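Here is the structure we will look at, set down as structure tokens.
The values are calculated or read from the model by the stated rules, or taken from the named source; none is laboratory data. If you're wondering where the values come from, they're calculated on a predicted model, not measured in any experiment. Note: ideal-geometry Cβ built from the backbone for every residue, glycine included; neighbour counts use all protein chains shown.
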């Protein structure tokens with residue numbers, strides 16, 4: 001297989017403790033998977049930023065007492081699809097809070113990712129994002 | 001890459017040279033540094049982000065919080081950022097209009 005060949009029908013699921021130090025690990029995994037699409041580095045950087053941002057928002061800076069992990073599932077088909085799931089409410093509809101001081105909580109992801117959704121069902125918050133692979 | 005912070009004083013400003021990643025894990029260190037400097041009476045800050053290779057909204061929040069702190073003392077905060085991938089983040093969040101963003105330290109220090 002030559003470098004740059006797009007790989008589809010594959011994916012990875014990572015589950016991490018609610019530890020801010022581990023968000024970087026998820027970013028590295030997301031970038032590695034994104035590179036398998038054969039897209040340029042700008043595309044890879046966008047995936048890395050979006051996945052890191054989603055994890056950061058769902059985990060937060062300080063432990064919130066929740067011991068459930070945050071799960072990140074990345075799948076490649078004709079799109080690269082990412083789902084980040086937390087078993088803890090994440091202020092989906094609420095006002096800005098925490099350390100995103102003066103920055104609307106989801107503004108970066110809404111502006112960055114065309115196909116972006118954040119949903120809360122009971123205690124579960126799910127961030128879904130996808131990008132078309134050209 | 002972890003976060004690096006180097007501070008120096010020049011022309012009445014305090015320059016913080018930031019390197020590495022400003023994210024949910026490392027941003028508190030930048031916030032603490034800004035809080036420390038403001039506590040010491042440094043109200044005119046220049047944040048040099050030329051060596052920053054990652055920034056998320058937690059980092060943006062720390063910068064906004066820092067600007068509020070210095071403005072409470074009639075101070076200022078200027079940013080140095082010449083990387084398109086970071087400038088894009090400021091534009092998306094509307095903060096490009098909030099911060100004075102310069103290409104270089106020379107440009108930032110030339111502004112009075």
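Some notes on this structure:
- Residue count for region A:104-134, restricted to those that are in contact with a helix residue (DSSP H, G or I) (Cβ under 6 Å, 6 or more places away or on another chain) and in a loop (DSSP other than H, G, I, E, B): 1
- Check on residue B:19, more than 9 Å from every other protein chain (Cβ to nearest Cβ), in contact with a strand residue (DSSP E or B) (Cβ under 8 Å, 6 or more places away or on another chain) and surrounded by fewer than 20 Cβ atoms within 10 Å (Cβ to Cβ): yes
- Those residues of region A:23-44 which are surrounded by fewer than 17 Cβ atoms within 10 Å (Cβ to Cβ) and either within 12 Å of another protein chain (Cβ to nearest Cβ) or not in a helix (DSSP H, G or I) (or both), in sequence order: A:25, A:28, A:38, A:40, A:41, A:42
- For residue B:68, the criteria (1) surrounded by fewer than 15 Cβ atoms within 10 Å (Cβ to Cβ); (2) within 14 Å of chain A (Cβ to nearest Cβ); (3) in contact (Cβ under 8 Å) with a residue 24 or more places away in the chain hold in every case but one, which is (3).
- Residue list for region A:46-81, restricted to those being in a loop (DSSP other than H, G, I, E, B) and either modelled with pLDDT under 90 or at the interface with another protein chain (Cβ under 10 Å from one of its Cβ atoms) (or both): A:60, A:61, A:62, A:63, A:64, A:65, A:66, A:67, A:68
- Here is the figure for region B:1-55: residues that are under 18 Å from residue B:74 (Cβ atoms) and in contact (Cβ under 8 Å) with a residue 60 or more places away in the chain total 3.
- When residues of region B:88-110 are limited to those that are within 13 Å of chain A (Cβ to nearest Cβ) and touching a strand residue (DSSP E or B) at 6+ places or on another chain (Cβ under 8 Å), the one farthest from residue B:66 (Cα to Cα): B:89
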